[in-house]
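Visitor: One structure coming up, written as C-alpha cells, with questions to follow.
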Amino acid sequence: MIVVSDTSAIINLAAVGQLHLLEQLYGTVLIPSAVWNEIVGGGPEVPGAEAASLAWIRTIAVANHSLVTSLAGQLDLGEAEAIALALEQRADLLLVDERRGRAVATSFGVKVVGLLGVLLEAKRKRLVPSLRPVLDDLISKAGFWISNALYDSTLRAAGE
C-alpha cells in the first residue's frame, strides 16, 4: 500500500505519543519535501521532528512543479506537494485533514483519510484500546480542534 501524508497527521500523532500508529497501519509513509520542511524546520522540540530519523517515513521530491504551483494558489505548499506526490506515486491513500485539501485531492481521484479516520482504523485493528484518551490528548496537548458533534460521532463509530 502506498500512503502519502501531509503534515497534520504526523505532527498531531507525534504530539500525543502515537506516531508509531502510522508505521503499524501503513508500513512506509511517503512525504514530499515541503512536508518534511514543515515538520523538521521548527527544530527538535516541535512534535514530529523525530520524523527526520525514522526510516519508515521517506521524503520524496515532487516532480510536477507546475501542478504544485497551480495548487499552491488555493492550498498551503505542504498540501499542494502532498497531492502532487500522491498522484505521481499513484498512492492508495493520502492523509490530509484540511477540508479544502481533501476536496482538491478527491477531485483528482485521490482517496483521502484524515487523522480521525486513521485513529478509527487503529482502533478497529486493536492498535489502541480506546480513542477517548487519544482524542482528549489531541485536543489538550496538540491543540487539535474537533467539534463536539464530530468528537461524539467518532467515539460512536469506534464503539465507545
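Rule-based calculations on the coordinates, nothing more; no lab input. Computed from a predicted model, the values in this text were never measured in an experiment. Cβ: placed from backbone, ideal geometry, glycine included. Neighbour counts: every protein chain shown.
Visitor: Step by step: first the residues of the stretch 107-134, then only those that are under 15 Å from the mean Cα position of the chain (by Cα) and in a helix (DSSP H, G or I), then the one that is nearest to LEU77 (Cα to Cα). Which residue is that?
Guide: Checking each candidate, the answer is LEU115.
Visitor: Would you pick out the residues in the stretch 37-56 that are part of a helix (DSSP H, G or I) and more than 12 Å from the chain's Cα centre (by Cα)?
Guide: Scanning the stretch 37-56 gives ASN37, GLU38, VAL40, ALA49, GLU50, ALA51, ALA52, SER53.
Visitor: So VAL62 clears everything in (1) of a type outside the set (Lys, Arg); (2) touching a strand residue (DSSP E or B) at 6+ places or on another chain (Cβ under 6 Å); (3) in a loop (DSSP other than H, G, I, E, B); (4) in contact (Cβ under 8 Å) with a residue 60 or more places away in the chain except one condition, right? Which one?
Guide: Here VAL62 clears every test but (4).
Visitor: Something else now. Take the residues in the stretch 135-153 that are more than 17 Å from the chain's Cα centre (by Cα), in a helix (DSSP H, G or I) and not charged (D, E, K, R); name whichever of them is nearest to GLU98 (Cα to Cα).
Guide: LEU150
Visitor: Continuing with the same structure: Quick one: ALA84 ticks every box in (1) within 28 Å of ARG124 (Cβ to Cβ); (2) outside any loop (DSSP other than H, G, I, E, B); (3) touching a Leu at 6+ places or on another chain (Cβ under 7 Å) except a single one, so which number is it?
Guide: Among (1) within 28 Å of ARG124 (Cβ to Cβ); (2) outside any loop (DSSP other than H, G, I, E, B); (3) touching a Leu at 6+ places or on another chain (Cβ under 7 Å), the lone unmet condition for ALA84 is (1).
Visitor: Right, here's the next one. Could you grab me the full set of residues in the stretch 76-117 that are surrounded by fewer than 16 Cβ atoms within 10 Å (Cβ to Cβ), of a type in the set (Val, Ile, Thr) and in contact (Cβ under 8 Å) with a residue 60 or more places away in the chain?
Guide: Correct list: empty.
Visitor: Which residue pairs have Cβ atoms under 6 Å apart, sit 6 or more places apart or on different chains, and have a first residue in the stretch 5-22 that is in contact (Cβ under 8 Å) with a residue 12 or more places away in the chain and a second that is of a type in the set (D, E, K, R)?
Guide: From residues that are in contact (Cβ under 8 Å) with a residue 12 or more places away in the chain, the pairs are ASP6/GLU79; THR7/GLU38; SER8/ASP97; ALA15/LYS141; VAL16/ASP137; VAL16/LYS141.
Visitor: Can you work out which of the residues in the stretch 118-128 that are over 21 Å from ILE11 (Cβ atoms) and free of Cβ contacts under 8 Å to residues at least 60 places away in the same chain is surrounded by the most Cβ atoms within 10 Å (Cβ to Cβ)?
Guide: Looking at residues that are over 21 Å from ILE11 (Cβ atoms) and free of Cβ contacts under 8 Å to residues at least 60 places away in the same chain, I get ARG124.
Visitor: A further question follows. Give the residues of the stretch 59-75 that are surrounded by fewer than 19 Cβ atoms within 10 Å (Cβ to Cβ) and either of a type in the set (Val, Ile, Thr) or within 30 Å of ARG132 (Cα to Cα) (or both), sorted by residue number.
Guide: THR59, ILE60, THR69
Visitor: Follow-up. I need the full set of residues from the stretch 87-106 which are part of a loop (DSSP other than H, G, I, E, B), within 20 Å of THR7 (Cβ to Cβ) and over 11 Å from the mean Cα position of the chain (by Cα), in order please.
Guide: Passing the criteria: GLN89, ALA91, ASP92.
Visitor: Next question. When you go through (1) over 14 Å from ILE83 (Cβ atoms); (2) crowded, with 21+ Cβ neighbours inside 10 Å one by one for SER140, which number turns out not to apply?
Guide: Every listed condition holds for SER140 apart from (2).
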